[in-house]
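Engineer: Just dropping this structure here.
Each reported figure results from applying straightforward, stated rules to the coordinates on display, with no laboratory input. Predicted model, so just to flag it, every value in this text is computed and none were measured. Methodologically, a virtual Cβ is constructed for each residue, glycine included, from the backbone with ideal geometry; neighbour enumeration extends over all protein chains shown.
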Amino acid sequence: MPSATFCAESLPFDQIEKLAISGGYSAIYAAEKPSVDIVGDWQHRYCSLADTFQPVLDRVHNFEVREDDVWIVTSTKCGTTWTQEMTWLILNNFDFEKAKTDDLTIRSPFLEFNGVVPNVPHDTIEALNKLPSPRLIKSHLPAWLLPKQVWTKKPKIIYVFRNPKDAAISYFHHWRGMVGYKGTKEDFMHSYIDGHVNFNPFWPHVLDFWQLRDEPQIFFTSYERMKRDLGGVIKDVCKFLEREVEPEQLTQLVDHLSFDKMKDNPACNHVKEFESMKAAAGREVEEFSRFVRRGIVGSHKDEMPQTAIQEFDDWTEDNLKDYQLTMDDFINYSKY
């Protein structure tokens, strides 16, 4: 990749073939020390991305950040859409009518989407440049791949954690529908653990933001906490964003964000994104007709083989033992 900021190392062909990637696939490394502290040795940290991202990364790195931006950053399939919808309504005076009519991908663009689907006419970076403030921006990139101005202008960032076993199962279905993956669930789970799917490896992504959780600009929460106490999380996000929420607005927002309402709201089901991807791929999305699929905590228990569950548990323990952390630390954390 012709960049002074990043370098790319191609992943083995057997991994690319296994994941049904039609083009190249690489581990992206920083060519210089990132401007944000990250866990581990920065020279050995990487992010797996399809090679279609490479022309986009420098544009992302140099993206003009505004101090009043709000960012939703997550690993994949960790409640991103849910959090975007909640946060957009808090930032926009609980305009439920607009939330039902205007597509979320327009209200809150996915910064690096043109890396996911490079040949779509809609340029999300340009769209964000034209969006009025305060902008709500979605990204799955790890901390060190976010725009450099994120760490100097310090916009507010909401980071959402999710049990990786549930996230991996959800990503498996996403990969089948959106990418055309025909392989086995077992192979995909191994690719996820090995960090070979877009935006992974998972644990370094989480740990970077965990170590930043006490910073004023960072709000760290979990999908599981949102499922358990959505009203409480909404009130905490309002406090973080310095916005007021009246009791009746809170009740209405909790209802609007319920699983059934989200599932049936076309403005939140990424219809435009699906159409772009189908047109670019020249095929139908076969299985994944809704972006909001099950929304269950513990969904892996009836979808993941016991052997894979054990592998995930061992992998989690290996990644957290040096930090004296457990899964519950991330799930139950509250900033306030």
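Engineer: Fewest to most neighbouring Cβ within 10 Å: what's the order for GLU311, GLU64? Please list the in-between numbers first.
Structural biologist: Details: GLU311 17, GLU64 11.
Lowest count first: GLU64, GLU311.
Engineer: In what order do PHE202, PHE63 fall by count of nearby beta-carbon atoms within 10 Å, going from fewest to most?
Structural biologist: PHE63, PHE202
Engineer: Here's something else I'd like to know. What residues qualify as long-range amide H neighbours of TYR181, i.e. H under 5 Å apart, gap of 5 or more or another chain, H built at 1.01 Å from N?
Structural biologist: Amide H neighbours of TYR181: ARG176.
Engineer: Then there's this: So which aspartates and glutamates can LYS77 reach, going by Cα to Cα under 13 Å and dropping same-chain residues fewer than 8 places off?
Structural biologist: ASP166, GLU224
Engineer: Distance from a point 7 Å along Cα→Cβ of GLN324 to each backbone N in region 201-241: keep the residues under 17 Å and list them by number.
Structural biologist: 211
Engineer: Related question: Sorted by mean Cβ packing within 10 Å, highest first, what order do the peptides 94-100, 6-12 take?
Structural biologist: Values: 94-100: 14.3, 6-12: 16.0.
My ranking of the peptides, most packed first, is 6-12, 94-100.
Engineer: Moving on. With Cβ to Cβ distances under 11 Å as the rule, what net charge do the other residues near TYR336 carry (K, R +1; D, E -1)?
Structural biologist: Local net charge: +2.
Engineer: Just to check I understand the Karplus step: with θ = phi - 60° and J = 6.51 cos²θ - 1.76 cosθ + 1.60, what whole-Hz values come out for region 39-51, glycine and proline as x?
Structural biologist: Computed from phi, the couplings for region 39-51 are 6, x, 7, 4, 5, 9, 7, 9, 9, 7, 8, 4, 5 Hz.
Engineer: Arranged by the count of other C-beta atoms within 10 angstrom, fewest first, what order do THR83, THR101 take?
Structural biologist: Values: THR83 26, THR101 10.
Fewest-to-most ranking of THR83, THR101: THR101, THR83.
Engineer: Follow-up. Of PHE330, LEU104, SER48, which is farthest on the positive side of the dipole of the chain, counting Cα position, with +1 on Lys and Arg Cβ, -1 on Asp and Glu Cβ, and the Cα centre as origin?
Structural biologist: Ranked along the dipole, the leading option is LEU104.
Engineer: In region 77-98, whose amide N lies under 20 Å from the spot 7 Å out along Cα-to-Cβ of LYS335? List them in ranges.
Structural biologist: 78-94
Engineer: Now for a separate question. For a quick check: with amide H placed at 1.01 Å from N, whose amide H comes under 5 Å from ASP229's, ignoring anything fewer than 5 positions away on the same chain?
Structural biologist: none
Engineer: What are the residues whose amide H is under 5 Å from the amide H of SER222, where those residues sit 5 or more places off or on another chain and H is modelled from the backbone?
Structural biologist: Residues meeting the amide H criterion: PHE161.
Engineer: How much net charge surrounds CYS78 when only other residues with a Cβ under 13 Å from its Cβ are counted (Lys, Arg +1; Asp, Glu -1)?
Structural biologist: On the way: positive: LYS77, LYS138, ARG162, LYS165, ARG225, LYS227; negative: ASP166, GLU224.
Every neighbour counted, the sum reads +4.
Engineer: Also: About the Cα centre of the chain, what is the dipole size in debye to 20, counting +1 per Lys and Arg Cβ and -1 per Asp and Glu Cβ, all else neutral?
Structural biologist: Dipole size: approximately 580 debye.
Engineer: While we're on this one: Put +1 on the Cβ of every Lys and Arg and -1 on every Asp and Glu Cβ in region 1-130; which of LEU128, THR80, PHE6 then has its Cα farthest towards the positive end of the dipole?
Structural biologist: THR80
Engineer: OK, next. Which length gain, in nm to one decimal place, applies between PHE96 and THR152 when the Cα-Cα distance is subtracted from 0.36 nm times their residue separation?
Structural biologist: Numbers: separation 56, 0.36 × 56 = 20.16 nm, distance 3.33 nm.
Gain in length upon complete extension: 16.8 nm.
Engineer: Now for a different question. Count charges around ASP68 for me, please; just the other residues with Cβ under 9 Å from its Cβ, Lys/Arg as +1, Asp/Glu as -1. Don't jump to the answer; show the numbers that get you there.
Structural biologist: Working: positive: ARG66, ARG135, LYS156; negative: GLU67, ASP69.
Local charge sum for ASP68: +1.
Engineer: Moving to a separate point now. At what distance in nm do the modelled label points of LYS182 and ARG213 sit from each other, each positioned 7 Å from its Cα along Cα→Cβ?
Structural biologist: Simple spin-label model gives 4.3 nm for this pair.
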